[in-house]
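The values are calculated or read from the model by the stated rules, or taken from the named source; none is laboratory data. Quick caveat, the model's predicted, so the values are computed rather than measured. All Cβ positions, even for glycine, are placed from backbone atoms using ideal geometry, and neighbour counts span all protein chains on display. Calculation scope for accessible area: heavy atoms of the full protein, side chains included, ligands and nucleic acids excluded. Shrake-Rupley method; radii C 1.70, N 1.55, O 1.52, S 1.80 Å.
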Amino acid sequence: TIRSTMGSVYRVPTLYTEDLCQTVEVLKKHGICSYAAHLKGANFYDQENYQSGTAFLIGNEGNGLTDELTEQADALIRIPMECQLESLNAGVASAILMYEAYRQAFKYGNYDKGSAITSVLVVLILIVVFLQFKLMDEKD
């Protein structure tokens, strides 16, 4: 797995947490809006504004996000699918959402390679994806 990251695992700061719901609460206290990728999303992912602190909550393909974590999200978003498909691989969904956040930042002049907001987006997404997989594995 580390080899497939081409070394980026050593360049991207990470955080380990035992309680994702508590982490989302801390993020909210710091003004970070959380968006849960969910089949019941009211809006498509590209209809939201990610110009302030943003965290994407992405569950695994089999089980999705826990109900408790989904309820804590500020908004449920969805990625449009064709041909009766319901979900994407978590890594693919993460990439789509991260790219949209990057696209908006670049479009509106908020993109800076060294900016903290870009790093925060990447770190928060990675935290949620990896920990969601861990939580689901522990349930099985």
Can you tell me which residues in the stretch 78-118 are open to solvent by 80 Å² or more (accessible area, probe 1.4 Å), at pLDDT 80 or above and touching a Leu at 6+ places or on another chain (Cβ under 7 Å)?
R78
Criterion violated by L121 - all others in (1) at pLDDT below 75; (2) part of a loop (DSSP other than H, G, I, E, B); (3) among the hydrophobic types (A, V, I, L, M, F, W, C) satisfied
(2)
Y50 fails exactly one of (1) open to solvent by less than 40 Å² (accessible area, probe 1.4 Å); (2) part of a helix (DSSP H, G or I); (3) modelled with pLDDT of 80 or more, namely (2)
Selection from the stretch 56-75 of residues that are outside any loop (DSSP other than H, G, I, E, B) and over 15 Å from T23 (Cα atoms)
N60, G64, D67, A75
